[in-house]
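The values are calculated or read from the model by the stated rules, or taken from the named source; none is laboratory data. Every value quoted in this text rests on a predicted model; they were computed, and no experiment measured them. Counting neighbours? That spans all protein chains shown, and the Cβs are built from the backbone with ideal geometry, glycine included. Areas reflect the complete protein model, heavy atoms only, side chains present, ligands, DNA and RNA absent. Shrake-Rupley method; radii C 1.70, N 1.55, O 1.52, S 1.80 Å.
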Amino acid sequence: MSHHTFDKPGLTLLGLGAMGTALARAWLTAGHPLTVWNRTPGRAEPLAAEGATVARTAAEAVAANRLVVVCLLDGASVDAVLADADLTGKDLVDLTTGTPDRARAHAALVHERGARFLDGGIMAVPPMIGAPSSGAYVFYSGSRALFDTHREALTRPAGARYVGEDAGFAALHDVALLSAMTGMFAGVSHAFALIRKENIGPTAFAPLLADWLVAMSGSVHLTAAQLADGDYTREVASNLAMQVAGSATLLRTAEDQGVRSELLTPYLALLERLLADGRGDEGTTGVVDLLVR
Ligand code: FVH
């Protein structure tokens, strides 16, 4: 049975996967009356015991509240789930991961169906949701009016960073951060591969690696400053000529340790192109120009 007292505005949540369930618990714990629906009904049962109202259909769940949050697998599942719902007068928030273009197209369709739209990109994994000290937050973009109307409810599961009226911007921020993370994961894999065959314990090595990555992460601010003013030689501490010379050491060491260098070579090839263009006194910021088609 529920032990919550509901004195907060109600909302609807469609999708009770790992993330949806974490979001639901955060809203219930905060005292928001919550209507839920999930394709596989069994996933709603524990939440019903915690105070959620379980709708029989997605359309019924949408009808229950003005604020409707969806957190589903992908864009196709969102389209399927919302197909039969009346969105007139609704405030729809889509926390499903997708591309910026998908968010913009979805915003246009939702507007045609009479609703306001806000897209969200969740920068957290489910255990971080509802834990204020976890650092979890959500990028939001789209209707500022919707965001302001529901800010209190929206910031219960995680912090919020509103990044603009363009509905695609939340997804763009989300994907940009995830892409940088992917490059970092690639580098981490390479580093562990280099020590694999030696008598260097990975757990002893890990703190050294983590501290180094944190120390180097500050370089993003110099890259940003150089991109902003167009002077790529400004405050360069490690110039490109030196870095390209050093890259031979990285590749030779990989070979000597029996490690494939395929995660490094595409990036190093871009540095060599910049050097060949006579930009040896710059840092690595010119790579951004080479990447943009
Ligand atoms: N979990 C994570 O770490 C990440 C963190 C960052 C944000 N993502 C995104 O959040 C969306 C939901 O992720 P999730 O972790 O909740 O995903 P699942 O546990 O796999 O649950 C998927 C839900 O989607 C429902 N579903 C799938 N296909 C359909 C469909 N065709 N029609 C209706 N519902 C559908 C599924 O229902 P069921 O399988 O239980 O019946 C779940 O409710 C996602 O965009 C992440 O990228 C999570």
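Annotations
- Kyte-Doolittle mean at least 1.0, axial Cα span of 27 Å or more - DSSP H helices of the chain: 169-195
- For segment 8-31 and segment 234-293, distance of Cα centres in Å: 46 Å
- Note: relative contact order over the chain, using C-alpha pairs below 8 Å and six or more positions apart, is 12 percent.
- Cα gyration tensor, segment 34-145 - rounded (a/c under 1.5), prolate or oblate: oblate
- Summarising the label geometry, the points placed 7 Å from Cα in the beta-carbon direction at Leu73 and Arg260 lie 2.9 nm from one another.
- For Tyr162, the accessible area of its heavy atoms, probed at 1.4 Å with every protein chain present, is near 50 square angstrom.
- Extension gain (nm, one decimal) between Asp166 and Asp231, 0.36 nm per residue minus Cα-Cα: 20.5 nm
- His111 - accessible surface, heavy atoms, 1.4 Å probe, Å² rounded to 10: 100 Å²
- Simple rule: put +1 on each Lys or Arg Cβ and -1 on each Asp or Glu Cβ in the chain, find the dipole, and look at Leu16, Gly42, His150; the Cα lying farthest toward the positive end is Gly42.
- Calculated mean residue ellipticity at 222 nm for the chain: -15000 deg cm²/dmol, from DSSP H runs with n ≥ 4 weighted as -39500 (n - 2.57), summed, divided by the residue count and rounded to 500.
- Which of Ala176, Leu95, His32, positive extreme of dipole for the chain (C-beta unit charges): His32
- Label zone of Thr88 (point 7 Å out along Cα→Cβ, amide N under 17 Å): in segment 100-141 this covers 110-116.
- Anisotropy class of the chain from Cα gyration tensor, a/c 1.5 cut: prolate
- Accessible area of the chain belonging to carbon and sulfur atoms, whole % at 1.4 Å probe: 59 percent
- Three-way shape label, segment 140-293, alpha-carbon gyration tensor, a/c 1.5: oblate
- The listed residues Phe169, Phe139, once ranked by accessible area (1.4 Å probe) with the largest placed first, stand as Phe169, Phe139.
- Sorting 272-282, 151-161, 249-259 by average packing, meaning the other beta carbons within 10 Å per residue, from highest down gives 151-161, 272-282, 249-259.
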